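Take a look at the structure below.
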Amino acid sequence: MAPIGLPFLVPDPKKTEATVKPYNNYMQYAPSAPDTAFGRAADENALYFKGDIVVSVNQVERAYRAWPILIKRAENRSTITYGELGQALGVYHRAVRYVLGVLQDYCLEERLPPLTILIVNASGRPGTGFIAFDLENFEEGLDKVYDFDWRSLDNPFSFAESGDSYESIVTSLTHDPSSAPDIYTRVKSRGIKQIIFRNALLKAYSSRCAFTNIAVLETLEACHIVPWSQASPAERLDVRNGLLLNSFHHKLFDRGYITLTTDHRIIYYDPNGEERSYSDIERSLTIELHGKCMLVPHRAALRPDADCITKHHEIAGWEGNSLKYNQAIKSASFGRRTLVPRAVFGRR
């Protein structure tokens, strides 16, 4: 995989709209272009103009270099200023916030102590982009970081040492899904893998929920068709074993209340609304989806894999080797072996 981060030409920089947008809850300078729709950590490459050249900076590689610096500070029970970290990384102190977004995302994903609490401004506190811990309990947050055994973890960004970034890996996964096993081997951290998988699905599904077409990034989650715990290493990062879903439908899918046919139609376990009473909004989000085609990636090569869907049926308890939607027998063809509807919906 070719590393990114090299300058590339832009015919007319003035026509490339640039905005300051939220990125990992830090402020990121990024172009308003389709590839910024990857979401939280995928567009980690800060961009800036240098004449007629747009220079892309790999913030994940910087996070790789920042990691041991912060671990040493944690061991010494000391903080570090933006300026000190910037000097250590060889960057202007204002650019440090981009690196912090990558680090903060990782710690949140892995539910680790808030490592980025160590980076402070002139007030002695983290900047406004810090959201990993309640700053009203700042000293408690510091103690959590100081007391954690950080040496028990390998540097989670080691894959970036050779120049790889989230964006370059996402590009590989969405251009060639068969690259998933190699990427799974090179990226050691499960948290980083989860971030990359979500970013790849955001790109494959054009940042829209596969069931509802919702495009609010904060609500969209990476759903494995074959669950992570039962998927092979090759399947865990394969976009064909994934769906981009809002959090509500993600939960329904994981618990087996909703599934797909192998021709990508949505199947709900209670298509006639016989199991309970439904509000109008509940009906629109469940029963009325039954039999409809899901939103699939434009590229056929990225669409949900039939074998993965069949495995999901077996794991979740859907009967039959493959499900085919038929309006005339829709309620008879999708029996379940076990169901506990009240686990998701309260009985009325």
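The values are calculated or read from the model by the stated rules, or taken from the named source; none is laboratory data. Please read all numbers here as calculations on a predicted model, not as lab measurements. Neighbour counts run over all protein chains shown; Cβ positions are idealised from the backbone, glycine included.
Would it be correct to say that F211 is outside any helix (DSSP H, G or I) and of a type in the set (F, W, Y)? It is true that F211 is outside any helix (DSSP H, G or I) and of a type in the set (F, W, Y).
Entry remark, region 184-195: residues being in contact (Cβ under 8 Å) with a residue 60 or more places away in the chain and assigned to a helix (DSSP H, G or I) number 5 in total.
P126 satisfies every condition listed in (1) modelled with pLDDT of 95 or more; (2) in a helix (DSSP H, G or I); (3) out of contact with any Asp or Glu (no Cβ under 8 Å at 6 or more places or on another chain) except (2). Cβ-Cβ distances below 9 Å connect the following pairs, each with a first residue in region 91-111 that is farther than 16 Å from N155 by Cα, a second residue that is surrounded by fewer than 24 Cβ atoms within 10 Å (Cβ to Cβ) and among the β-branched types (V, I, T), and a separation of six or more residues or different chains: V91/V57; H93/T81; A95/V57; Y98/V57; Y98/V91.
Q104 satisfies every condition listed in (1) under 30 Å from D305 (Cα atoms); (2) modelled with pLDDT of 95 or more except (1). If you filter region 243-277 down to residues that are touching a helix residue (DSSP H, G or I) at 6+ places or on another chain (Cβ under 7 Å) and of a type in the set (S, T, Y), you find that the one that is surrounded by the fewest Cβ atoms within 10 Å (Cβ to Cβ) is S247.
Here A222, A200 are screened, and the one residue that is under 28 Å from W67 (Cα atoms) and assigned to a helix (DSSP H, G or I) is A200. In region 184-241, of all residues being aromatic (F, W, Y) and within 26 Å of T261 (Cα to Cα), the one that is surrounded by the fewest Cβ atoms within 10 Å (Cβ to Cβ) corresponds to W228. For residues in region 129-173 being in a loop (DSSP other than H, G, I, E, B) and among the hydrophobic types (A, V, I, L, M, F, W, C), which is nearest to C107 (Cα to Cα)? Step by step, filter region 129-173, then rank; the result is A132. Checking each residue in region 212-242 for being touching a residue at least 12 places away in the same chain (Cβ under 8 Å) and among the small types (G, A, S) picks out A222, A234, G242.
Filter region 247-302 down to the residues that are within 14 Å of T212 (Cα to Cα) and among the small types (G, A, S), then identify the one that is nearest to the chain's Cα centre (by Cα). Across region 247-302, the extreme among qualifying residues is S247.
Filtering region 278-321 to residues that are surrounded by 18 or more Cβ atoms within 10 Å (Cβ to Cβ) and among the charged types (D, E, K, R) leaves D305, K311.
Among the residues making up region 264-285, those that are among the acidic types (D, E) and modelled with pLDDT under 95 are D270, E274, E275.
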